[in-house]
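Student: Dropping the structure in here first, questions after.
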Amino acid sequence: MICLDEGILREHLDGELPREQAMSVEHHLAQCEECREQIEVIKSRSQMINALFAELSPASSEIRQDAFVARRAFAQFKASHAIFDDDVEVAGAAIRPIIFPLNNEAVPAIASLTLSLALPEESGLLMRLAAGAKQFVSDFGKRRQRVQTAESLRFMLPDESFIVRLKREFIVNAQEFRRDPMNFIGQLLAGEASTPRRRRLMQAGTATAMIAYACIFTTFLLAGAFKFGVKEKLPDDKLTVIQMLPTPATESTPQNGPADAPKGKDGLKGGSKLKPEKSQGGGSGGKNEATPATQGVKPQYSVFQINPPRVEPPTNAHPKFIFPETLIGDPMLSRNLPGPTGLKDGADAPPSNGPGSGGGIGNNTGTGMGDGKGPGYGRGEGGNEGGGLRDGGGGCCGDGTGVEVARGNIRPIITYREKAKYTEEARQNHVQGSVVLSAIFGSDGKLYNIRIVRGLPFGLTEKAIEAARNIQFRPAVKNGVTIPVRMTLEFNFALY
Amino acid sequence: MIATQERLGERISAESQNGSGREVWTEAVFERVFLQHYSRIVAVLFRVVGDRAQAEELAGDVFWKAYRKAPHPDSPLEQNNLGGWLYRVATRVGIDALRAVARRKRYEQEAGAANYESVEASPNSDPLADVLREEKRRRVREALAIMKPARAQLLILRQSGLSYQELAQTLGVKPGSIGTLLARAEAEFEKHYRELYGHEEGL
């Protein structure tokens with residue numbers, strides 16, 4: 001018995017075999033185990049492939065099949081391959097754009113019939129005149145139509161711009177000039193001195209022009225010689241001194257505090273300067289009391305001090321003006337701490353302003369708090385906190401530990417945030433991605449110290465920074481106090 | 001300009017001498033052919049390449065080839081075989097594009113470049129189902145791309161719904177050999193598919 005080959009079996013499966021052959025195949029299959037297995041293999045394989053290929057057929061959303069799509073595609077096809085062009089078809093019917101015979105080309109018959117001006121130049125003046133007259137006679141009485149025809153043919157005239165015409169004429173004249181310079185100039189001047197009267201007028205004109213030029217030149221010379229136009233100085237005696245302004249004191253350069261004074265980190269913990277500076281400033285105090293200064297919190301900082309800090313309550317129980325206790329220093333250092341006024345490391349003792357003098361709290365002189373001198377807080381002199389002399393106004397707190405990184409609940413709440421705008425260049429270059437910035441969200445609701453963590457080209461980073469500057473937020477709060485924190489901002493740029 | 005005119009004149013004269021030499025397409029006839037076959041050609045190409053924009057572009061190429069080379073539908077020799085001709089060219093063009101893509105991807109993978117498949121999400125459909133379907137399609141195409149082009153072509157044409165008779169006519173083979181060719185093509189496809197993905201699927 002001869003087994004069937006796979007082609008026959010395949011055809012049999014698809015029902016493509018003629019009837020008699022199909023019957024004989026069936027007959028064979030009934031007997032032959034091997035061929036039955038074979039056809040099973042082919043069948044399951046075919047089914048699997050059918051299932052897989054069924055996945056390939058497009059879903060209705062993926063492909064549009066209608067006459068409109070095909071028609072549009074045909075139009076595009078025609079345009080992109082420049083076939084069946086309308087122009088070409090018209091050209092077959094012998095109507096073609098006509099270019100006027102400026103360059104002695106043969107004139108198309110249609111144009112010469114309608115415009116006598118369009119005759120070739122070789123035909124000579126007489127011929128042209130004759131043709132024009134003939135045209136005029138033949139067109140007499142049907143003027144409107146002729147005009148209409150001329151109008152309709154006007155689009156055929158070469159559309160020459162002023163610049164192009166100027167260029168063309170210049171080239172023509174330059175050629176003339178190069179060929180015969182003397183004659184060219186002669187021709188130019190020929191019309192100017194043809195009669196004695198014209199010659200006289202020309203001479204008079206030239207003379208007038210020369211005199212006018214001479215006058216102008218002389219004026220300039222004279223002006224130069226007498227320094228005309230330079231303002232005279234006002235005599236000194238007309239000036240009166242109204243007030244002598246005090247010369248502003250130059251800002252003293254900050255000095256370092258004692259070596260053991262704690263140093264601030266990362267600037268912004270309360271300081272108002274953008275860049276971290278060394279901790280400066282100091283406090284003072286005392287009211288000549290025997291007991292050491294009491295423990296407590298420091299009052300707010302201010303640029304002036306009316307009511308120095310003190311431990312005991314004010315003697316005037318009902319003041320008309322209430323001045324809060326202040327230390328002199330940068331208001332940014334204020335922290336609104338709750339509790340009675342006193343030194344941070346003061347004694348746990350009955351209320352005392354300390355053994356110092358001057359009205360403050362502490363061991364030394366001045367109206368401040370602490371061991372130093374002056375109206376600040378701490379061990380140094382002057383305003384602000386810390387160990388050294390107060391520096392011009394910025395500085396940083398002596399016990400600064402740097403800016404915290406936002407985490408958990410301690411993070412600013414962004415109330416308004418802009419979308420960063422695209423730049424035109426970036427759009428054209430299809431730049432997408434994100435810009436990551438890191439910034440300090442100050443306790444005053446402003447953004448400081450913006451750093452670029454990840455940038456993008458074509459000005460997108462700048463746009464992101466611009467958008468970041470417009471952010472509004474509520475500062476982070478820790479233990480009831482607003483604090484500055486560092487946080488990252490991400491700006492996404494996506495084209496779609 | 002002059003050259004164009006001359007060529008144009010040639011064509012018009014060729015058209016007027018009806019019957020001698022190759023026929024020239026007129027717009028009306030070509031447009032009829034185009035509109036008649038365009039949608040199905042795009043659909044076939046979409047099956048092969050899986051990208052509508054690419055399918056449409058390739059369809060344009062197919063018709064351009066038809067414009068230049070195909071037998072004129074009215075010419076007596078190739079009666080009514082223009083459709084078959086278009087399908088043959090379209091599948092071949094599609095398979096070539098598929099193989100080019102597969103080749104490029106291989107290089108990219110060897111070079112360590114990222115290989116993301118873009119799935120176009122269609123409205124009101126399940127994104128997960130889309131992704132899965134796209135993955136299945138990708139596998140089929142991958143297997144097609146490494147098959148012998150002629151066999152891949154046969155499979156695609158058969159799966160596009162052509163009968164044995166039409167297949168034989170389109171591919172220019174004897175109708176009796178289609179069964180054998182088809183069986184071999186299917187066997188080869190299964191072999192490649194199993195080599196690629198057999199370990200993942202029960203099949």
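The values are calculated or read from the model by the stated rules, or taken from the named source; none is laboratory data. Quantities reported herein were computed from a predicted structural model and do not represent experimental measurements. Ideal geometry is used to build each Cβ from the backbone, glycine not excepted, and the neighbour counts take in all protein chains shown. Ligands, DNA and RNA are excluded from the accessible area calculation, which covers all protein heavy atoms including side chains. Shrake-Rupley method; radii C 1.70, N 1.55, O 1.52, S 1.80 Å.
For (1) under 51 Å from the mean Cα position of the chain (by Cα); (2) modelled with pLDDT of 60 or more, each residue gets a yes or a no:
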{"residue": "A:G141", "(1), (2)": "no, no"}
{"residue": "A:L166", "(1), (2)": "yes, yes"}
{"residue": "A:F170", "(1), (2)": "yes, yes"}
{"residue": "A:R199", "(1), (2)": "no, yes"}
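Student: Also, I was wondering about something else. Inside the stretch A:62-79, can you point out the residues that are part of a helix (DSSP H, G or I) and either open to solvent by less than 50 Å² (accessible area, probe 1.4 Å) or more than 7 Å from chain B (Cβ to nearest Cβ) (or both)?
Tutor: Matches in the stretch A:62-79: A:F68, A:V69, A:A70, A:R72, A:A73, A:F74, A:A75, A:Q76, A:F77, A:K78, A:A79.
Student: Hey, does the stretch B:23-43 have a residue that's among the aromatic types (F, W, Y), without any contact (Cβ under 8 Å) to a residue 24 or more places away in the chain and either open to solvent by less than 50 Å² (accessible area, probe 1.4 Å) or more than 7 Å from chain A (Cβ to nearest Cβ) (or both)?
Tutor: The answer is no, given that none of the residues of the stretch B:23-43 is among the aromatic types (F, W, Y), without any contact (Cβ under 8 Å) to a residue 24 or more places away in the chain and either open to solvent by less than 50 Å² (accessible area, probe 1.4 Å) or more than 7 Å from chain A (Cβ to nearest Cβ) (or both).
Student: Could you check the stretch A:6-51 and list, in sequence order, the residues that are touching a Gly at 6+ places or on another chain (Cβ under 9 Å) and of a type in the set (D, E, K, R)?
Tutor: A:E6, A:R10, A:E11, A:D14, A:E16
Student: For the stretch B:177-203, enumerate the residues that are within 8 Å of chain A (Cβ to nearest Cβ), open to solvent by 10 Å² or more (accessible area, probe 1.4 Å) and either modelled with pLDDT of 80 or more or under 16 Å from the mean Cα position of the chain (by Cα) (or both).
Tutor: Within the stretch B:177-203, B:S177, B:T180, B:L181, B:R184, B:A187, B:E190 meet the criteria.
Student: Also, quick follow-up: Examine the stretch B:86-109 for a residue that is modelled with pLDDT under 65 and away from every other protein chain (no Cβ under 14 Å), and state whether such a residue exists.
Tutor: no
Student: So, one more: So in the stretch A:36-61, with the set limited to residues that are charged (D, E, K, R) and surrounded by fewer than 15 Cβ atoms within 10 Å (Cβ to Cβ), which one is nearest to the other protein chains (Cβ to nearest Cβ)?
Tutor: The extreme case among them is A:K43.
Student: Here's a check for you: in the stretch B:135-163, which residue that is free of Cβ contacts under 8 Å to residues at least 40 places away in the same chain and surrounded by fewer than 20 Cβ atoms within 10 Å (Cβ to Cβ) is farthest from the other protein chains (Cβ to nearest Cβ)?
Tutor: B:A150
Student: Kindly indicate the residue of the stretch A:13-35 that is crowded, with 16+ Cβ neighbours inside 10 Å and over 20 Å from B:F189 (Cβ atoms) and also nearest to the other protein chains (Cβ to nearest Cβ) among those meeting that condition.
Tutor: Once the filter is applied, the top-ranked residue is A:L17.
Student: Taking interchain pairs and intrachain pairs at least six residues apart, which have beta carbon atoms under 6 angstrom, with the first residue in the stretch B:83-108 and open to solvent by 60 Å² or more (accessible area, probe 1.4 Å) and the second modelled with pLDDT under 85?
Tutor: So the pair list comes out as B:R88/B:T170.
Student: Also, I was wondering about something else. Mind checking which residues of the stretch A:393-423 are touching a strand residue (DSSP E or B) at 6+ places or on another chain (Cβ under 7 Å), surrounded by 17 or more Cβ atoms within 10 Å (Cβ to Cβ) and modelled with pLDDT of 70 or more?
Tutor: Within the stretch A:393-423, A:R411, A:P412, A:A420, A:Y422 qualify.
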